[in-house]
Amino acid sequence: MDMDAPLVDRIGRPMRDLRISVMDRCNFRCPYCMPEATYHEGFRFLTPRERLDFDEIERVARVAAGLGVTKLRLTGGEPLLRPGLPDLVARLVRVPGIEDVALTTNGVLLARSAAALRAAGLHRVTVSLDSLDAAVFARMNGGRAELSTVLDGIEAARAAGFPGGLKINNVIQRGVNDSGILDLAARFRGTDIVLRFIEYMDVGTRNGWERADVVPSREILGQIDARWPLIPLSPNYRGEVARRYRYVDGEGEVGFVSSVSAPFCGDCSRARLSSDGKLYTCLFATEGTDLRAILREDDTVQGDMKLRATLSGIWRGRMDRYSEERAIPRGCSAVKGKARAAEKIEMHYIGG
């Protein structure tokens, strides 16, 4: 294999982003991700020994950077449950070739962590916030947190001044939180916070997903545009998942992630590393490749070479395009059935 050849998968997509789950546990029990009925007190999560340690995570990041990865995102479960996370951030931002280290969090622990994360060099933060109605918010997180705690975390992140900014993600479900779309837009208009609306996706197999529960991005866009006119923006880069719009009156920006109604698999450049060291090439994957065994078998240069060859081989063989296959019209049952048949990995395990 030519070591200088660009690393692309079988349909020409480069590997540019690595999402690293540092914790499979979460302090929420959102029905669309970790429903309480499944993830109860008796559920067996990973032990600390089963999770990758910081040395192992850094090794994967260094090898991935050598293959073209420039962006890292720390996810969970809830990543701020991982002790010492700023120390990991400080190590990752120094990896040659890495230009951007970001974090996705539910925000509950953000107020006490934001300053340390900023000092460690974290570039960007995304907070998941599905409603500004306290009762709806509590229902959507399984009664595990109060809205005010997350809002305090958002303000702490703003005060910390992350150079890449702050985004708010919200998953909209019909009949659950769709009545609060304009409230969310109004709250963050006129600020430097970017609000992103995400279509409810069929991630994993335990959230009872139905297409009827999806509120298409075009419907959300229509609601906001009717109240505060919007104009589209050009993508910042190839593979940007959100379609971006700005308010005509200059009062900020909103984005729409339309994995169900307008799949963007053709530009997907993301790989995902689970907290126990499995690499997945799609959010909707059914299985991953165990990198932990390689990491723990050999921590020498030879071990890194084996890790590089494994990562390269996985990516060069990649053909994942689940969301596009899901969207194939009825009548093409062979491909559509393939997209639906196998049990998919759960979102809390590999991040969103």
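Of note:
- Charge context of residue 133, other residues only, Cβ under 11 angstrom, K/R +1, D/E -1: -1
- Distant-in-sequence amide H partners of residue 285 (H built 1.01 Å from N, under 5 Å): 345
- Across all Cα atoms of the chain, the radius of gyration (one decimal) and Dmax (whole number) stand at 19.7, 59 Å.
- Average projection area in nm² (convex hull over Cα atoms of region 108-228, one quarter of hull surface): 8.2 nm²
- Computed from backbone phi, the HN-Hα couplings of region 194-203 come to 8, 8, 10, 9, 10, 5, 5, 10, 8, 7 Hz, rounded to whole numbers (Karplus: 6.51 cos²θ - 1.76 cosθ + 1.60, θ = phi - 60°; Gly and Pro given as x).
- Listed residues 64, 160, 293, most fluctuating in the chain (Gaussian network, C-alpha, under 10 Å): 293
- Highest-fluctuation residue, 297, 146, 36 considered, GNM on the chain with Cα pairs under 10 Å: 297
- Local electrostatic count at residue 236 - Lys and Arg +1, Asp and Glu -1, tallied over other residues with Cβ under 14 Å: +3
- Å² per residue, accessible surface of the chain at 1.4 Å: 44 Å²
- HN-Hα J in Hz across region 276-291 - Karplus 6.51, -1.76, 1.60, θ = phi - 60°, x for Gly and Pro: 9, x, 9, 9, 10, 9, 7, 4, 9, 5, 9, 7, x, 10, 6, 8
- Remark: spin-label model distance residue 261-residue 305 equals 5.2 nm, labels positioned 7 Å along the Cα→Cβ axis.
- The local environment of residue 89, defined by Cβ-Cβ distances under 13 Å, has a net charge of +3 under the rule Lys, Arg +1 and Asp, Glu -1.
- Cα radius of gyration and Dmax for region 1-159 (Å): 17.4, 57
- Measuring nothing but protein heavy atoms, the accessible surface of the chain at 1.4 Å probe radius is 50 percent carbon and sulfur.
- Counting only DSSP beta bridges with both residues in the chain, the antiparallel share comes to about 30 percent.
- For residue 93 and residue 10, the FRET efficiency from 1/(1 + (r/R0)^6), where r spans their Cβ atoms and R0 equals 35 Å, is about 0.65.
- Per-pair calculated FRET efficiency, R0 = 56 Å: residue 41 and residue 234 via Cβ, rounded to 0.05: 0.70
- Per-residue [θ]222 nm for the chain (sum of -39500 (n - 2.57) over DSSP H runs n ≥ 4, rounded to 500): -9000 deg cm²/dmol
- log₁₀ of I(q)/I(0) at q = 0.18, 0.22 Å⁻¹ - region 101-164, Debye sum with one point per alpha carbon: -0.60, -0.82
- Most mobile of 225, 249, 53 in a GNM of the chain (Cα contacts under 10 Å): 249
The values are calculated or read from the model by the stated rules, or taken from the named source; none is laboratory data. Only a predicted model underlies this, so the values are computations on that prediction, with no experimental measurement involved. Glycine also receives a Cβ, built like all others from the backbone with ideal geometry; neighbour counts cover every protein chain displayed. Note: areas computed on protein heavy atoms with side chains; ligands, DNA, RNA excluded. Shrake-Rupley method; radii C 1.70, N 1.55, O 1.52, S 1.80 Å.
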